[in-house]
Each structure stands twice: as structure tokens, then as C-alpha cells.
Amino acid sequence: MAIADDAEIVVQAENISVVYPGHGATKAFKAVDDVSFEIRKGEVMGLVGESGSGKSTIGRAIMGLSPFTGQLKVYGKVLSELNNKERRNLRQRIGYVFQDPFGSFNPLLTLGEAIAEPMIVAGVGHHSGFWKKNLKEAMPRVEELLEMVQLPKDFASRFPHELSGGQRQRVGLARALALQPEFIIADEPTSALDVSVQKEVLKLFLDLQDELQFSCLFISHDLAVIDMVSDSISVLYHGEILEKGHGEQILTNPQHDYTKKLLASLPVPDPKIQRA
Ligand code: ADP
Ligand code: MG
């Protein structure tokens with residue numbers, strides 16, 4: 001879907017740099033180097049780059065979880081001007097899908113509890129109206145969310161280890177959507193999955209995005225995945241955005257050798273083209 005150039009800006013990053021401080025023999029490391037971008041209402045911005053290029057660091061900076069220089073605005077608010085409480089409130093308004101839901105789910109909580117957690121933590125008076133005091137109160141919404149991600153309701157009483165990778169990632173999406181965020185960060189949400197399962201989860205993501213129209217920073221090392229879900233693409237290399245544009249621009253007219261290399265690694269259906 002084409003996003004209008006004058007659509008409301010949901011996330012604006014201006015000249016963001018992140019330096020991890022050194023300690024002992026470890027030198028300080030600039031993981032993100034002067035990165036600027038904006039994500040508009042309803043836009044999925046794909047951020048593609050190899051492992052270690054700084055993708056997750058950018059996601060964490062937007063969540064207010066990594067110190068950065070430059071300016072980040074989320075929902076019109078300048079992050080550096082917020083106090084801790086305001087920053088926490090803002091973080092609750094951002095959905096986050098992790099790469100590895102096995103690692104991010106508490107193995108002792110049922111999936112129902114995992115999905116309900118953001119609603120209970122958000123507490124009284126939360127903007128979304130989906131805050132709940134306890135699991136029982138949250139259960140109708142939990143079941144609604146399970147239905148949205150096409151899982152049976154009785155999954156609410158199961159534990160993370162009882163699910164397949166694809167099912168766990170559906171639960172990860174359900175939890176990220178619990179408070180009806182206008183913006184979500186999906187950090188390599190399908191990278192741990194087999195190709196066929198990956199396709200199903202990506203299709204679900206696209207359907208939900210189409211229905212709910214949330215904005216999204218979609219992070220992946222895989223340009224094929226990024227191409228499938230994104231309205232716009234930013235190519236990250238060693239902490240710098242090399243180029244950005246509409247998907248088609250990047251795929252048909254890449255400006256940088258690194259992007260050309262990423263493109264060359266894509267599977268092409270026609271073996272003749274592949275060989276060329
Ligand atoms: P990506 O998500 O693209 O794989 P990351 O943002 O996780 O990349 O990491 C970017 C770089 O920053 C990597 O070289 C990584 O080793 C380094 N890094 C990430 N987190 C930390 C940290 N907490 N302390 C020091 N270095 C880090
Ligand atoms: Mg990462």
C-alpha cells in the first residue's frame with residue numbers, strides 16, 4: 001500500500017547515534033551512526049541489514065531503552081524530554097515482537113498470562129481502555145487476541161514449551177497487540193522459523209496490519225522478508241543507513257554495492273536469471 005507523503009508521522013529519528021561504552025580492554029563501539037528516518041501512520045518500514053549492523057539497537061532506542069544522541073520523536077513526543085514515568089507510559093503504547101518468543105516468554109506463565117501481562121501491567125487509566133486488574137478480567141480480551149492470530153482459545157492455558165515455533169510467534173504477535181498499539185516494532189519476528197512457517201506468520205502479520213493499520217518498524221536480515229511486508233525499505237550497514245526508499249526503488253534500482261549484494265542473494269524463480 002502506498003503511504004501518502006503527508007500522512008501523520010508516528011516515529012521520527014533525526015541523526016541518531018548510539019555508542020556502547022567500552023570497559024577494561026573493550027573499546028567503545030558506535031553501533032548506530034547518524035541515522036535518520038520517519039515512519040508514517042499505517043506505514044511498515046523495513047529495516048534490513050546483516051547481523052550486527054545495529055538494527056536491534058535502533059529498536060531499543062525507540063523504546064527508550066538505549067541511550068542515544070540525536071532526536072527521537074514518538075507519537076509527537078520528544079523522548080529526551082520525557083521523565084521516567086512518561087517514558088514508561090510511552091513504551092506501553094509500543095508493541096514489541098521479539099525474534100525468539102521462547103526466550104522472551106516466562107516458561108512458568110501460561111500463554112494466557114503472557115498475553116494478559118501488558119494489560120495488567122499497564123494499570124488503571126491506561127489510554128487504551130484495555131487495562132485489566134487480573135487474568136480473569138483480561139481473559140475475554142486474551143481470547144479475542146488468540147482468535148486474531150488464528151489460534152484456539154484453549155491455548156490460553158498452555159505453556160510456551162507446548163507450542164511450535166510458529167504458534168509461539170503468533171502468541172508473540174497477540175501480546176504485542178494486546179493494548180492496541182498504533183506502532184509496533186517487530187525485531188526479526190520470523191527469522192527463527194522454517195521457510196514455510198515463516199510465510200504463514202508473515203501472511204498473518206500482513207492481514208493484521210491491513211486490518212488494524214498500525215505503523216511498524218519491521219527488522220530483518222532477510223531482504224526477501226522485508227520486501228514482502230514493507231512499504232518502504234532502509235538498508236543498514238555498519239550502523240549507517242546506506243539508502244532508503246519505496247520497496248520497488250530499492251529492489252529495482254539499488255544505489256549501493258551492498259544493496260546490490262543483498263539483492264543478488266535473493267532466490268530468483270527463473271534459473272536463467274539466477275545464473276546471470
Ligand atoms: P543487529 O540487531 O543488527 O544484529 P545489534 O543492534 O544487536 O545488531 O548490535 C549492533 C552492534 O552493537 C553489534 O556489534 C553488537 O555486538 C553491539 N552491541 C549490541 N548490544 C551491545 C551492548 N549492550 N554492549 C556493547 N555492544 C553491544
Ligand atoms: Mg538484532
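The values are calculated or read from the model by the stated rules, or taken from the named source; none is laboratory data. Values in this document were obtained by computation on a predicted structure and should not be read as measured data. No Cβ is skipped: glycine too gets one built from the backbone with ideal geometry, and neighbour counts run over all protein chains shown. The protein model used for the area step is the full one, side chains on, heavy atoms only, and it has no ligands, DNA or RNA in it. Shrake-Rupley method; radii C 1.70, N 1.55, O 1.52, S 1.80 Å.
Numerical summary
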{"item": "Count of the stretch 131-154 residues which are open to solvent by 40 Å² or more (accessible area, probe 1.4 Å), within 22 Å of ASP207 (Cβ to Cβ) and in a loop (DSSP other than H, G, I, E, B)", "result": "2"}
{"item": "Residue check, SER56 of a type in the set (S, T, N, Q), in contact (Cβ under 8 Å) with a residue 40 or more places away in the chain, crowded, with 18+ Cβ neighbours inside 10 Å and in a helix (DSSP H, G or I)", "result": "yes"}
{"item": "Boolean, ALA7 is touching a Pro at 6+ places or on another chain (Cβ under 7 Å) and either open to solvent by 10 Å² or more (accessible area, probe 1.4 Å) or away from ligand 2 (no atom under 16 Å from the Cβ) (or both)", "result": "no"}
{"item": "LEU72 over 24 Å from LYS136 (Cα atoms), within 16 Å of ligand 2 (Cβ to nearest atom), among the aliphatic types (A, V, I, L, M) and in a strand (DSSP E or B)", "result": "no"}
{"item": "Flag for LEU47 being among the hydrophobic types (A, V, I, L, M, F, W, C) and within 16 Å of ligand 2 (Cβ to nearest atom)", "result": "yes"}
{"item": "Options ARG40, ARG93; residue that is away from ligand 2 (no atom under 13 Å from the Cβ), surrounded by fewer than 19 Cβ atoms within 10 Å (Cβ to Cβ) and of a type in the set (Lys, Arg)", "result": "ARG93"}
{"item": "Residue within the stretch 83-94 that is part of a strand (DSSP E or B) and either near ligand 1 (Cβ under 9 Å from one of its atoms) or touching a strand residue (DSSP E or B) at 6+ places or on another chain (Cβ under 6 Å) (or both) present", "result": "yes"}
{"item": "Selection within the stretch 10-48 - outside any strand (DSSP E or B), within 15 Å of ligand 1 (Cβ to nearest atom) and under 22 Å from GLN71 (Cβ atoms)", "result": "PRO21, ALA28"}
